[in-house]
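S.K.: Before we start, here is the structure in question, set down as structure tokens.
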Amino acid sequence: MANHKSAIKRIRSSYERRLRNRFHAKTMRNALKNFRTIKDKKEATEKLPEICSMIDKLVKRSIIHKNKAGNLKSKLTKQVSSL
């Protein structure tokens, strides 16, 4: 176990941060799953900016890598255009 007060605080804060990051990542994955089930082009076109914004926020928070975000957005855009 930690020997210093600062180490104990660091453990506590990193645990909280980990939970928060997991929540945001899981929320994004669920949103992607729901988005992929959309068959209506108009609805998908309306929802695409929201999903892209969510992905960009995760990149800003360093929860996902910027290249992964680019790949996700590219695949989603491709899906919308193929509808």
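The values are calculated or read from the model by the stated rules, or taken from the named source; none is laboratory data. None of these values were measured; they are calculated from a predicted model. For neighbour counting, all protein chains shown are included, and Cβ atoms are generated from backbone atoms with ideal geometry for every residue, glycine included.
S.K.: With respect to Thr27, is the statement that it is surrounded by 12 or more Cβ atoms within 10 Å (Cβ to Cβ), in contact with a helix residue (DSSP H, G or I) (Cβ under 7 Å, 6 or more places away or on another chain) and of a type in the set (S, T, N, Q) true?
M.R.: no
S.K.: Could I ask something else about it? Look at Asn21 and say whether it is within 19 Å of the chain's Cα centre (by Cα) and either acidic (Asp, Glu) or within 25 Å of Leu83 (Cβ to Cβ) (or both).
M.R.: When the stated conditions are applied, Asn21 does not pass them.
S.K.: Also, quick follow-up: Can you find, within the stretch 33-83, the residue that is nearest to the chain's Cα centre (by Cα) among those that are under 21 Å from Arg18 (Cβ atoms) and charged (D, E, K, R)?
M.R.: Looking at residues that are under 21 Å from Arg18 (Cβ atoms) and charged (D, E, K, R), I get Lys57.
S.K.: In the set Ser62, Ser53, which member is of a type outside the set (Lys, Arg), modelled with pLDDT under 95 and in a helix (DSSP H, G or I)?
M.R.: Only one candidate qualifies: Ser53.
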